[in-house]
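Please treat every number below as a calculation from the coordinates, not as lab data. This structure is a prediction, so every number in the text was calculated from the model and none was measured. Cβ coordinates were reconstructed from backbone atoms using ideal geometry, including for glycine residues, and neighbour counts include every protein chain displayed.
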Amino acid sequence: NHILTQDDFVGQDELSYPFEERGLQFGDGIYEVIRIYGGRYYLIHEHVERLYRSAAAIKIQVPYKKEDLYAKLDELLEKNKVTGDAKVYLQITRGSAPRDHAFPDGIEANLYAYVKDLPRPEEKLKNGVTTISHDDVRWDWCYIKSLNLLGNVLAKQAAKEKDCYEAVLHKDGEVTECSSSNAYLVKDGKVYTHPPKKNILHGCVRMRVEAFCDQEGIEFVEETFSLEDLQDADEVFLSSSTSEVMPILKVDELTIADGTPGPVTRTLQKCYEQDAG
Ligand code: PDD
């Protein structure tokens, strides 16, 4: 496995970090998960732009110029002979230095990116998934794709313990997003989702879902919906680079409509397949 670092490619076993590394000690860094279909990146531009935005927001200098990063990410797929469906995980931390909350002077960012095979979740895309609701206890700046994922991790684990796929996060009953995906409600043919404020991640697939809605003449409404609104929702779904457009059949004990994937979700899934194909 060839891994891209801030300097160049290394083998998996050559990658090592000093014990005082700010990603490990503070979660002081950012990341991206980029989808690959048939050996080719999907929404690479959106992910790279968001990476630079996240880095700027926490004052980290990305160790590559944008055009060089694109070239290195292509090289990552070539070196690893990726031809199928996969994902790239890329993270950048502020770097290594003696532990101090404030940024150490002269510190240089650490980057690594690796690629891993990842088949499409076909069975779940077809049949849908169940979820729990969970308090959104995360910080206010979730638009930054930060390595600080404790709130997300605990919510996802709570879902797993209930044999559920995801946790639908809410603040005082208003749905923000899910633990690692964006959340949507369909009512009377309109798609509702949380506005792209600082308290949710502005998903790359979410941007495409908006475009698919435009294309299909489906109204895309950036308004929050509540846990109570789920009671008479026609459909609920989620989206992410790894989950695509995924039907949600249940939230806690509540079955959404008749408990099967709905027509708007199916339409958006078709759009996704065409776009990604
Ligand atoms: N998660 N919201 C959160 C909190 C996320 O972590 C993600 C992505 C999304 C969807 O973003 P996108 O459409 O750009 O993938 C929304 C990735 C897949 C992860 O952490 O594994």
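Taking LYS197 as the anchor, which lysines have their alpha carbon closer than 25 Å to its alpha carbon, excluding any fewer than eight residues away along the same chain?
Correct list for LYS197: LYS59, LYS145, LYS156, LYS171, LYS187.
Any idea what log10 I(q)/I(0) is at q = 0.11, 0.19, 0.20, 0.28 Å⁻¹ for the range 179-248, Debye with uniform C-alpha scatterers and no solvent?
-0.23, -0.72, -0.80, -1.53
What is the calculated FRET efficiency for GLU223 to ASP117, with r their C-beta to C-beta distance and R₀ = 41 Å, to the nearest 0.05?
0.60
Using amide H atoms built 1.01 Å from N in the peptide plane, name the residues 5+ places from LEU118, or on other chains, whose amide H lies under 5 Å from its own.
Answer set, sorted by chain and number: ASP85, ALA86, LYS87.
Could you tell me how many degrees, from 0 to 90 and to the nearest 10, lie between the Cα long axis of helix 66-79 and the main elongation axis, the longest principal axis, of the Cα atoms of the chain?
The angle comes out near 90 degrees.
Roughly what angle does helix 150-161 make with the longest principal axis of the chain, taking Cα atoms, 0 to 90 degrees, to the nearest 10?
For helix 150-161, the angle is close to 50 degrees.
Please compute the contact order of the range 2-117 in relative form: average sequence separation of alpha-carbon pairs under 8 Å and at least six residues apart, divided by the residue count, as a percent.
39
So what's the range 122-276 giving for Cα Rg divided by 2.2 N^0.38 Å, two decimals?
0.94
With each run of n ≥ 4 DSSP H residues scored as -39500 (n - 2.57), what mean residue ellipticity at 222 nm is computed for the chain after dividing by its residue count and rounding to the nearest 500 deg cm²/dmol? Let's see the in-between values first.
Details: 7 runs with 78 residues, N = 277.
Mean residue ellipticity, 222 nm, calculated: -8500 deg cm²/dmol.
Through the Karplus equation 6.51 cos²θ - 1.76 cosθ + 1.60, θ set to phi - 60°, convert the phi angles of the range 98-108 into ³J(HN,Hα) values in whole Hz; use x for Gly and Pro.
For the range 98-108, the Karplus-derived couplings read x, 4, 7, 4, 5, 5, x, 4, x, 6, 10 Hz, x marking Gly and Pro.
Calculate one ³J(HN,Hα) per residue across the range 111-124 by plugging θ = phi - 60° into the Karplus curve 6.51 cos²θ - 1.76 cosθ + 1.60, and present them in order as whole Hz with x for glycine and proline.
Once rounded to whole Hz, the list reads 10, 9, 9, 9, 10, 9, 4, 8, x, 5, x, 4, 5, 5.
Which whole-Hz couplings ³J(HN,Hα) result when phi for each residue of the range 25-38 is put into the Karplus expression 6.51 cos²θ - 1.76 cosθ + 1.60, θ = phi - 60°, listed in order with x for Gly and Pro?
7, 10, x, 8, x, 9, 8, 9, 10, 10, 8, 10, 10, x
Could you tell me how far the Cα centroid of the range 117-179 sits from the Cα centroid of the range 238-263, in Å?
About 13 Å separates the Cα centre of the range 238-263 from the one of the range 117-179.
As I understand it, the value is the acute angle between the Cα axis of helix 263-276 and the longest principal axis of the Cα atoms of the chain; what does it come to in degrees, rounded to 10?
30
What dipole magnitude, in Debye to the nearest 20, does the range 122-276 give about its Cα centre under +1 on Lys/Arg Cβ and -1 on Asp/Glu Cβ?
Charge dipole, the range 122-276, about its Cα centre: 580 debye, nearest 20.
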